[in-house]
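Here's the structure we're looking at; comments come further down.
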Amino acid sequence: MLQFELTSDFIINETLKPHVREDFRVAYPGKPLRYDEDSDSTIYPKIVATGSGNTVQEPAAVSILLGMTGTDKPNVVYIGTPFFDRDDKYNTGTKAFRDLGCQIERLMVAKNSTTPSFPEMRRIIVEWADLIVVSGGNSLFAMLRW
């Protein structure tokens, strides 16, 4: 793990610059990921980033998220890197979706030993996911891991 002395936002930005790949994209903003022949629809990327609270579990928020996916039981990817892939945060962060019968894939990348291969991550995020939920927590840690 990299160690930083962070005395200001300017230092954070300059410290992180060597770790940012500007040439990497899974998708381009506003452009579809793919066309799904089975549903005869265009698939766009969908990401929900939550804070450290449980707002995303509120019925109104869940209803909006389901509306974004176009299905009653979306395939949900949960990324808990900012909370170090803690089980308790995964359980609370996915409860509403589990209660609805959604399929959930947990993408654990906080440790090298649990990080799937790039092709597997791409399969999960690009080909399988209808909705991606990223937990709140330590954003700096998450950015360094990603």
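Please list ASP88, ASP99, ASP38 in order of solvent-accessible area, largest first, computed with a 1.4 Å probe with all protein chains present.
Result of the area sort, largest leading: ASP38, ASP99, ASP88.
Using the basic label-point model (7 angstrom from Cα toward the beta carbon), what is the LEU144 to ARG86 distance in nanometres? Distance between label points: 1.8 nm.
In this structure the amide hydrogen of VAL134, modeled in the peptide plane, comes within under 5 Å of the amide hydrogens of VAL48, ALA49, THR50, ILE79, none closer than 5 places in sequence on its chain. The trypsin sites (Lys or Arg not before Pro) found in segment 77-114 that occupy coil by DSSP, while having at most 11 further C-beta atoms within 10 Å, are LYS111.
The values are calculated or read from the model by the stated rules, or taken from the named source; none is laboratory data. Quantities reported herein were computed from a predicted structural model and do not represent experimental measurements. Neighbour counts run over all protein chains shown; Cβ positions are idealised from the backbone, glycine included. Each accessible area value is taken on the protein alone, full model and side chains, heavy atoms only, with ligands, DNA and RNA left out. Shrake-Rupley method; radii C 1.70, N 1.55, O 1.52, S 1.80 Å.
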